[in-house]
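Worksheet: the structure to be examined is printed underneath.
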Amino acid sequence: MARTTSHPPEDLAEKIIDIDVSEEMRGSFLEYAYSVIYQRALPDARDGMKPVQRRILYQMNEMGLRPEKGHVKCARVVGEVMGRLHPHGDSAIYDALVRLSQPFAMRVPLVDGHGNFGSLGGDDAPAAMRYTEARLAKAAELLVSGIDEDVVDFKPNYDGQETEPEVLPAAFPNLLVNGASGIAVGMATNMAPHNLGEVVAAARHLIAHPEATLEELTEFVPGPDLPTGGTIVGLDGIRDAYRNGRGTFKTRATVSIEKVSARRTGLIITELPYNVGPEKVVARIKELVQSKKLQGISDLKDLTDRNQGLRLVIELKNGFNPEAVLEELYRLTPMEESFGINNVALVEGQPQTLGLRELLQVYVGHRLEVVRRRSEFRRRKRRERLHLVDGLLVALLDIDRVIALIREADDSTAARESLMAAYDLSEIQARYILDTPLRRLTRFDRLELETERDQLNKEIDELTSILESDKKLRRVVSKELGDVSKAFATPRRTRLRESDGAARAAVIPLEMADQPCHVLMDVDGRIGRSKGATPPRMYEGLRVRHDAIAVSIPTTSRSDVGLVTDLGRMIRVPVVELPELPDEGEEAPPLASGLPVTEFVQLDEGERVVSVVSMDSPGPGFVLGTVGGVVKRVAPDYPSNKDDFEVITLKEGDRIIGVSQLSTGEEDLTFVTSEAQLLRFSATTVRPQGRPAGGVAGVRLSEEARVLWFGAVSSPDDSVVVTVSGAGNVLEGTQAGSAKVTPFTAYPAKGRATGGVRCHRYLKDEDTLLMAWIGRGPARAARADGKPVRLPDTTDRRDGSGETLPRAIVTVGSGRTEFGITTPRSGG
């Protein structure tokens, strides 16, 4: 079917107008830009509100959603605002409502919300409006207070059927207190929140001193006060923003360095920069650690909850400086963010960039106008009421004639005219008299009316004096601001720092330096590392068992030590992971703050750590002895790819009884057996063996005998031998027994694999040696509760009997820490 083309009528063709497209686009875009700037994106400098925020608070006030009333569904609020005032979609209204309620976004929240209103940084979205509830916060009442007293102008809403305020009365400087952010067409605003008390103090100073300088005002407002706290570093950008409306500053998280476990130090984050959420920080740190761009972090936990608030725990590896790791976190993660201040707001409908003084001037001018208009409104209302009261009092003075005139009148109009003519009353006064019930025309009501008249005259005079005196008007505004500050001001949350500390951070190495130290272990298995190249100083007298040092190994903080167990295992432990022992002088034992060795190694049931040896220092290695009399000199060829390996192949039922680090390889190796035999021979007679070897014969034992003590003696002249005997059928530590202390030099050297010489003779009812120890004197002994027990004086009789002890002992050790000493506890 053919298509026919119809021509438009001639009258329509004549109405086609040729226009320039570029001019039309320019004009339309300018209209759109102005609409976005004025109707959506930028706040008014007077009340600090964008139109949608102003409409939300105004409508909630009209709905009666005050703090003393119950919450209502946010969907209802959004519906009222959208239907009456803001025809731009429910999502925009609800987003603005949510922000007004968030304590981490607003320094003084204006909406009191119930439900999920989102989380810091936007990590979690708020619940839908059908689930959440809201009402006005107490501070929001200050922004709308007095709005029904003709204090601001109203304008028609979008369809002209209702009116809305052009600006709110704003009893406090909301724009500075809560800040603002928005993106318009060709411009944007980004204003930082401030402390209400500080801003009010600056505003009151400006009210009292209109010519106050910016420097004077910044004494009251030193810088922003962010809702999430944190630290602002570098104040030059803030000064620029206060001067010309633009500037940049850095915000940092609040971090403390604490012990997060017995072995680890951690960084505890309790405050984050403004608009930064914990999930963003956690994700960034994990990404940097996985890509190996950030070192020194072993674990990261988010322990944030309702009770303690934000709490991120960053566990650090031992050997890393917490301050240096923290500076890296500031540099690489959102724990330090920049905030660009751009104080753009509407002044008389035009966008302007304002400094601190200009912002305060606009607000103070607005508040002066609000109070002036409020005073005029209140004076007008009181004059109107006084007019009525005066008329009623006139009627009460001649009530009989008034009643007669009313009764004689044909209707209310005639009665009103008669009263107006007889008493020179106005129409309003006459109508009020006619509307007044007879029950009010009593003597008592007359007294009330006279009191009210006097009160009204007094209030009118006060309001007139305020309106006629600029000084009194300013005093009223200042006093009201002071009352607001007393009720709602809170302490400052954000700390201010002039410098960012970059120069200090540059000199802090990420990893700790390799410093000389000593690894100490006591007879109870507590371990730690002391500072410095010399071991900690001891004091006279054993007070607790931590005084009895089992071993002291000189090493460095970046080295490794090996923990040797009685089952023949060596477990590598970095020295830097051991707790650092404080330098407590002579008031506490060296290992009082050490940790049990079981914190660092996983032991089998019945297994225990015998001693500690150095793994990184060059030397002849170490030597060990077993309960069965085997001796082995272990060559220092430890595998670098293993942290747990065997150092001897033990026979069934045998265990290691003692381990000693060799310094020269020429020390005296010594066994003490349960049969009170002591064997001393040179370490040169024992050749080094590989780790799988089972060792060689060290001391000859009878069938029922066992080794009580084994070790290497490097200073024979300074060493003593302590032996303790008792009855073999009594449990160790439950009987006192007898003890003997003899010089080590009293015992001659013998050949390896022999029985040695007798070192102790039994008293009556004694048949075995219970305990033995050899080391540098003075020797120290302790009972089970850690209290000291005095040992006998040194005797030269190597095969003599001992002196009866006053109390049973379980530990013997040395108070000296200069040389390695094996554990003194008996084997088996």
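Values quoted throughout were computed directly from the atomic coordinates according to the rules given, and no laboratory measurement underlies them. Quick caveat: nothing in here was measured; it's all calculated off a predicted structure. In this analysis, Cβ positions are derived from the backbone assuming ideal geometry, glycine residues included, and neighbour counts consider all displayed protein chains.
Given R₀ = 35 Å, what would the calculated FRET efficiency be for Glu652 paired with Asp767, taking r from the Cβ atoms and rounding to 0.05?
Values: r = 27 Å, r/R0 = 0.78.
Rounded to the nearest 0.05, the efficiency is 0.80.
Rounded to the nearest 10 degrees, what's the angle between the helix 412-423 long axis and the longest principal axis of the chain, both from Cα atoms, 0 to 90?
With both axes taken from Cα atoms, the answer is about 90 degrees.
How far is helix 278-290 tilted off the main Cα axis of the chain, in degrees rounded to 10, range 0 to 90?
It works out to around 40 degrees.
Using a Förster radius of 45 Å, what is the FRET efficiency between Lys138 and Asp470 based on their Cβ-Cβ separation? Nearest 0.05, please. Kindly include the intermediate steps, with their values, before the conclusion.
Values: r = 31 Å, r/R0 = 0.69.
My answer for the efficiency is 0.90.
Charges on Cβ only, +1 for Lys and Arg, -1 for Asp and Glu, centred on the Cα centroid of the chain; of Ala808, Ile238, Pro618, which one is farthest towards the dipole's positive end?
Farthest along the dipole direction, towards plus: Ala808.
For the pair Leu510 and Lys301, how long in nm is the line joining their label points, each one 7 Å along Cα→Cβ?
It works out to 2.5 nm between the two label points.
Taking the Cα centre as origin and putting +1 on Lys and Arg beta-carbons and -1 on Asp and Glu beta-carbons, what dipole magnitude results for the chain, to the nearest 20 debye? Working shown, then result.
Numbers: 107 positive and 121 negative charges, 537 e Å.
For this selection, approximately 2580 debye.
For the range 254-334, what class follows from the C-alpha gyration tensor (a ≥ b ≥ c being the square roots of its eigenvalues): rounded when a/c is under 1.5, otherwise prolate if a/b is larger than b/c, else oblate? Provide the component values of the computation, followed by the final result.
Details: a/c = 1.67, a/b = 1.15, b/c = 1.45.
Oblate shape, in that a/c is at least 1.5 and b/c is the bigger or equal ratio.
Given axes a ≥ b ≥ c from the Cα gyration tensor, I'd like to know whether the chain is rounded (a/c under 1.5), prolate (a/b larger than b/c) or oblate.
Numbers: a/c = 3.99, a/b = 2.65, b/c = 1.51.
Prolate.
Taking R0 as 56 Å, what FRET efficiency do you get between Ser261 and Met25 from their Cβ-Cβ distance, rounded to the nearest 0.05? Don't jump to the answer; show the numbers that get you there.
Working: r = 66 Å, r/R0 = 1.18.
With R0 = 56 Å, the Cβ-Cβ based efficiency is 0.25.
When a/c reaches 1.5 or more, the comparison of a/b and b/c decides; with that in mind, is the range 516-814 rounded, prolate or oblate per its Cα gyration tensor?
On the way: a/c = 1.64, a/b = 1.18, b/c = 1.39.
It comes out oblate by the Cα gyration axes.
For Leu791, what is the net charge nearby, where nearby means another residue's Cβ is under 10 Å from its Cβ and Lys, Arg count +1, Asp, Glu -1? Walk me through the intermediate numbers first.
Details: positive: Lys740, Arg780, Arg790; negative: Asp793, Glu803.
Here the count lands on +1.
For the range 245-394, what are the per-bin percents of Cα-Cα distances with bins 5 Å wide, up to the bin holding the maximum?
Reading the bins upward from 0: 2, 8, 12, 13, 10, 7, 6, 6, 7, 6, 5, 4, 4, 3, 2, 2, 1, 1, 0, 0.
Which one, Phe172, Val789, Leu136, is farthest towards the positive end of the dipole of the chain when Lys and Arg carry +1 and Asp and Glu -1 on their Cβ?
The residue sitting farthest along the positive end of the dipole is Val789.
Once phi is turned into ³J(HN,Hα) by the Karplus curve 6.51 cos²θ - 1.76 cosθ + 1.60 with θ = phi - 60°, what whole-Hz value does each residue of the range 80-92 show in order, with x for glycine and proline?
Running phi through 6.51 cos²θ - 1.76 cosθ + 1.60 with θ = phi - 60° gives 5, 5, 5, x, 9, 10, 10, x, 10, x, 6, 5, 5 Hz.
In nm, what is the difference between 0.36 nm times the number of residues separating Leu214 and Val185 and their Cα-Cα distance? Show your work: numbers first, answer last.
Numbers: separation 29, 0.36 × 29 = 10.44 nm, distance 3.07 nm.
Result: 7.4 nm gained on full extension.
Count the net charge of all other residues whose Cβ sits under 13 Å from the Cβ of Arg492, scoring Lys and Arg as +1 and Asp and Glu as -1. Don't skip to the answer; put the middle values down first.
Details: positive: Arg107, Arg493, Arg495; negative: Glu198, Asp225, Glu271.
Charge balance in the 13 Å sphere: 0.
Counting each DSSP H run of 4 or more residues in the chain as -39500 (n - 2.57), what helix-only mean residue ellipticity at 222 nm follows after dividing by all residues, to the nearest 500 deg cm²/dmol?
Working: 19 runs with 241 residues, N = 828.
Result for the chain: -9000 deg cm²/dmol, rounded to the nearest 500.
Dipole of the range 516-814, Cα-centred, from +1 at each Lys and Arg C-beta and -1 at each Asp and Glu C-beta, to the nearest 20 debye?
Working: 34 positive and 40 negative charges, 135 e Å.
The calculated dipole for the range 516-814 is roughly 640 debye.
Kindly express, to the nearest 10 degrees and within the range 0 to 90, the angle between helix 21-36's C-alpha long axis and the longest C-alpha principal axis of the chain.
Once rounded, the angle reads 70 degrees.
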